[in-house]
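All remarks here apply to the structure that follows.
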Amino acid sequence: EVGLTPQGVDILKRSGAKAVITLAPRRVAGAHSLVMDQSEVGGCAVAHLIQRGRRSIGVVMPSEPGLEHFAEPRFEGARRAAAGTGARIVPLALAYDEKSANDLAAGWAGLGLDAVYAYNDEYAMLLMRALQDAGIDIPGRTAVVGADDLLLGRLLRPRLSTVHIDMVTGQLLAELVDRTVRDPNGEPETRDLMGARAVHRESS
């Protein structure tokens with residue numbers, strides 16, 4: 001995320017840019033915006049868990065720098081999906097290493113969670129192994145969902161439930177650039193580049 005603001009768009013246009021096209025997690029006023037709404041991923045994962053009867057859901061927030069641009073919108077999507085359902089959402093800090101996962105698993109009983117959306121498949125696999133090593137049955141005691149639909153998740157036992165992310169092809173970008181060149185003063189458009197759907201497997 002470059003942090004382009006509406007003021008920045010104005011400066012670019014005053015400097016001679018015919019149009020500004022952004023590729024970002026959210027719309028930027030004054031620019032044509034190609035949006036990758038990460039909140040859909042978290043919302044899809046938590047909606048799936050709630051549909052499966054889970055009501056106390058942890059959401060992994062990776063500790064690695066830079067991932068907050070993806071993790072925070074995913075967490076907000078998770079909260080929105082749970083709103084009004086009676087389910088509670090609990091953020092869980094997790095670094096991508098075995099010690100962090102083992103520490104989280106060691107205190108799992110005290111968290112009172114019956115499910116976890118683990119940010120993506122890699123964090124889900126890391127945490128799932130730590131939970132199993134700590135004697136926590138998956139999905140009996142805790143359901144686990146990742147995101148990205150990696151092949152490796154299908155090779156685990158239980159097979160990992162996930163969120164499959166569909167990205168729109170470059171055709172959309174080409175069409176937007178073409179329209180912008182032909183009509184540089186046209187009203188800025190916002191297009192969503194991302195779709196998300198839950199893939200239910202044995203871990204949930």
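Brief remarks on what is shown
- Between helix 68-82 and the chain: long-axis angle, C-alpha atoms, 0 to 90°, nearest 10: 70 degrees
- The chain: C-alpha gyration tensor shape, a/c 1.5 cut-off, then a/b vs b/c: prolate
- Converting phi to 3J(HN,Hα) with the Karplus coefficients 6.51, -1.76 and 1.60 and the offset θ = phi - 60°, region 89-105 yields 10, 10, x, 10, 6, 8, 8, 7, 8, 5, 4, 4, 5, 5, 5, 5, 5 Hz in sequence order, with x at every glycine or proline.
- Sequence-distant residues sharing a close amide H with I138 (under 5 Å, placed H): none
- Here the accessible area of region 49-178 is 53 percent carbon and sulfur, with a 1.4 angstrom probe and all protein chains present.
- Ranking E202, E187 from most to least accessible surface, computed with a 1.4 Å probe over the protein chains only, gives E187, E202.
- If you sort D114, D133, D121 by accessible surface, 1.4 Å probe, largest first, the order is D133, D114, D121.
- Each residue of region 124-139 is assigned a 3J(HN,Hα), and the resulting list reads 5, 5, 4, 6, 4, 5, 5, 5, 5, 5, 8, x, 8, 6, 10, x Hz, derived from the Karplus form 6.51 cos²θ - 1.76 cosθ + 1.60 (θ = phi - 60°), x at Gly and Pro.
- Full extension of the chain segment joining D10 with E187 gains 62.3 nm, where the gain is 0.36 nm per residue of separation less the Cα-Cα distance.
- Given their separation in residues at 0.36 nm each and the Cα-Cα distance between them, K99 and E202 gain 34.5 nm when the chain is fully extended.
- Gyration tensor (alpha-carbon) shape descriptor, region 115-171, a/c threshold 1.5: prolate
The values are calculated or read from the model by the stated rules, or taken from the named source; none is laboratory data. These numbers come from a predicted model, not from an experiment. Only protein heavy atoms, including side chains, enter the accessible area calculation; ligands, DNA and RNA are left aside. Shrake-Rupley method; radii C 1.70, N 1.55, O 1.52, S 1.80 Å.
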